[in-house]
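Chemist: Here's a structure for you.
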Amino acid sequence: MKHLDKIEYLSKEEIENITDTAKSFKAGRYANYPTRHAALMFFENSTRTRFSFECAIKRLGAKSYVFDTAKSSILKGEELFDTINNMAAIGIDTFIIRTREENLIGELKEKTFYRPVHFINAGEGKSSHPTQALLDYYTIIENLGSVKNKKIVIAGDIKHSRVARSNIALLKREGANIVCCAPKYFQEEIDGVYFEENLNNALLGADIVMCLRIQTERLEGEISKEDYIKNYRISKENLPENALLMHPGPVNRDVEITSDIIDSPQGQTILKQAENGVYIRMAVLDKIFKEGRI
Ligand code: CP
């Protein structure tokens, strides 16, 4: 594949290849691509993914360019295709895109540009966030060796979460036992996924607890924050002692997880996820820069 679109399009072998490469970068492997030029086009807010990709590009010796959405000619009416085509003519070869729109990468990869370009999905609508799923998978295997037969509880705003959808697709295929836990207003049917509404029941025997952010920017209608905190917040009282606690960030402190847990040793995996994200993105970019494919 010339592009990184949805996690579902990667084979088991391609995923293992990316995680192995990430591991070697974490161990100090060096690569240098001074003639490669990558643009970061983020049409939705981001801290982790944007900085992580920028850091990965720079560590690989390539050039990074931040596309300023507030000052671009798209605001003068230019279509995204024309913007990208002009950037390709100027010399950008890799486009890392975050968008609210579904299937934008799917549409772009079918078009012909001034020169061959690569697209990387940095989070699309509520359906996909492939590099987040890859870094989460990597963090799990780094800590627990494998996901096979592990009980993974995904708790929170499943309905609006691209992180949940990409993780479910990847982790189920790798043999994990997934239980989703959410109140009715955050549930949405996902193929083959079991919902448990009671948090304490869901957490029984959990190996991994993956919390999700409540996405206030995507909420339609009111939800009761107090009700969510009372019934779904992860705290000392309900978190299994040996469970690996994860969260893609940004965390709403004391809403999804209590602050004392976030700042405890058990909460440090959340920062490990951010750290590992750089190595996963280096691995993805390394494949594209070196082989022209994932
Ligand atoms: N996890 C994640 O995608 O975070 P950002 O929105 O900060 O990139």
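The values are calculated or read from the model by the stated rules, or taken from the named source; none is laboratory data. It should be emphasised that the depicted structure is a prediction, and the values quoted were computed from it without experimental measurement. Counting neighbours? That spans all protein chains shown, and the Cβs are built from the backbone with ideal geometry, glycine included. These area figures cover heavy atoms from the full protein model, side chains too; ligands, DNA and RNA do not enter into them. Shrake-Rupley method; radii C 1.70, N 1.55, O 1.52, S 1.80 Å.
Chemist: Being away from the ligand (no atom under 16 Å from the Cβ), open to solvent by less than 30 Å² (accessible area, probe 1.4 Å) and without any contact (Cβ under 8 Å) to a residue 60 or more places away in the chain narrows it down to one residue among Gly106, Gly91, Gly77, Gly125; which is it?
Modeler: Values: Gly106 fails: without any contact (Cβ under 8 Å) to a residue 60 or more places away in the chain; Gly77 fails: open to solvent by less than 30 Å² (accessible area, probe 1.4 Å); Gly125 fails: away from the ligand (no atom under 16 Å from the Cβ).
After applying the criteria, what remains is Gly91.
Chemist: If Thr216 passes every condition in (1) within 16 Å of the ligand (Cβ to nearest atom); (2) crowded, with 16+ Cβ neighbours inside 10 Å but one, which one does it miss?
Modeler: Answer for Thr216: the failing condition is (2).
Chemist: Among all residue pairs at least 6 apart or on different chains, which show Cβ distances below 6 Å where the first residue, located in region 223-248, is closer than 22 Å to Leu144 by Cα and the second is in a loop (DSSP other than H, G, I, E, B) and among the hydrophobic types (A, V, I, L, M, F, W, C)?
Modeler: Partner pairs satisfying both residue conditions: Pro240/Ala206; Ala243/Ala206.
Chemist: Which residues, taken from region 147-168, are under 15 Å from Pro248 (Cβ atoms) and open to solvent by 10 Å² or more (accessible area, probe 1.4 Å)?
Modeler: His160, Arg162, Val163, Arg165
Chemist: Now, a different point. With region 179-294 as the region, which helices (runs of 4 or more DSSP H) entirely inside it contain at least 3 residues that are β-branched (Val, Ile, Thr)? Lay out the reasoning, then the answer.
Modeler: Details: elements: 199-203, 225-232, 259-262, 269-291.
Per the criteria, 269-291.
Chemist: Of all the residues that make up region 169-194, how many are open to solvent by 10 Å² or more (accessible area, probe 1.4 Å), touching a residue at least 24 places away in the same chain (Cβ under 8 Å) and not polar (S, T, N, Q)? Outline the logic, then answer.
Modeler: Taking region 169-194 first, the residues open to solvent by 10 Å² or more (accessible area, probe 1.4 Å) are 169, 172-179, 184-185, 187-194.
So of that shortlist, the ones also touching a residue at least 24 places away in the same chain (Cβ under 8 Å) come out as 169, 173-179, 185, 187-188, 190, 193.
In the following step, the residues that additionally are not polar (S, T, N, Q) were identified as 169, 173-176, 178-179, 185, 188, 190, 193.
Here the count works out to 11.
Chemist: Can you confirm whether Thr112 is crowded, with 23+ Cβ neighbours inside 10 Å and of a type in the set (Ser, Thr, Tyr)?
Modeler: It is false that Thr112 is crowded, with 23+ Cβ neighbours inside 10 Å and of a type in the set (Ser, Thr, Tyr).
Chemist: Please go through region 113-135 and pick out each residue that is assigned to a helix (DSSP H, G or I) and among the β-branched types (Val, Ile, Thr).
Modeler: Listed by number, the list holds a single entry, Thr131.
Chemist: Among the residues of region 220-250, write down those that are away from the ligand (no atom under 16 Å from the Cβ), at pLDDT 95 or above and open to solvent by less than 60 Å² (accessible area, probe 1.4 Å).
Modeler: If the condition is that a residue be away from the ligand (no atom under 16 Å from the Cβ), at pLDDT 95 or above and open to solvent by less than 60 Å² (accessible area, probe 1.4 Å), then Tyr232, Ile234, Ser235, Asn238, Leu239, Pro240, Ala243, Leu244 are the ones that fit.
Chemist: Here are some residues: Thr47, Thr99. Which one is within 16 Å of the ligand (Cβ to nearest atom), open to solvent by 60 Å² or more (accessible area, probe 1.4 Å) and in contact (Cβ under 8 Å) with a residue 40 or more places away in the chain?
Modeler: Thr47
Chemist: Same structure, new question: Could you say whether any residue in region 273-282 is over 30 Å from Tyr9 (Cα atoms) and either at pLDDT below 95 or open to solvent by 10 Å² or more (accessible area, probe 1.4 Å) (or both)?
Modeler: Looking for residues that are over 30 Å from Tyr9 (Cα atoms) and either at pLDDT below 95 or open to solvent by 10 Å² or more (accessible area, probe 1.4 Å) (or both), one finds none in region 273-282, hence no.
Chemist: A follow-up question, please. Go over the candidates Thr131, Thr99, Thr83, Thr94 one by one and state the one that is over 25 Å from Val278 (Cβ atoms) and β-branched (Val, Ile, Thr).
Modeler: Thr83
Chemist: Could you say whether any residue in region 197-215 is over 19 Å from the mean Cα position of the chain (by Cα) and either at pLDDT below 95 or farther than 15 Å from Val153 by Cα (or both)?
Modeler: No, that holds for no residue.
A quick yes/no check of all residues on (1) among the polar types (S, T, N, Q); (2) within 24 Å of Glu124 (Cα to Cα); (3) touching a helix residue (DSSP H, G or I) at 6+ places or on another chain (Cβ under 9 Å):
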site	(1), (2), (3)
Ile158	no, yes, yes
Ser166	yes, yes, yes
Lys172	no, yes, no
Val193	no, yes, yes
Leu199	no, no, yes
Met210	no, yes, yes
Asp227	no, no, no
Glu241	no, no, yes
Leu244	no, no, yes
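Chemist: Kindly evaluate Ile154 against the criterion of being out of contact with any His (no Cβ under 7 Å at 6 or more places or on another chain) and in contact (Cβ under 8 Å) with a residue 40 or more places away in the chain.
Modeler: The answer is yes for Ile154.
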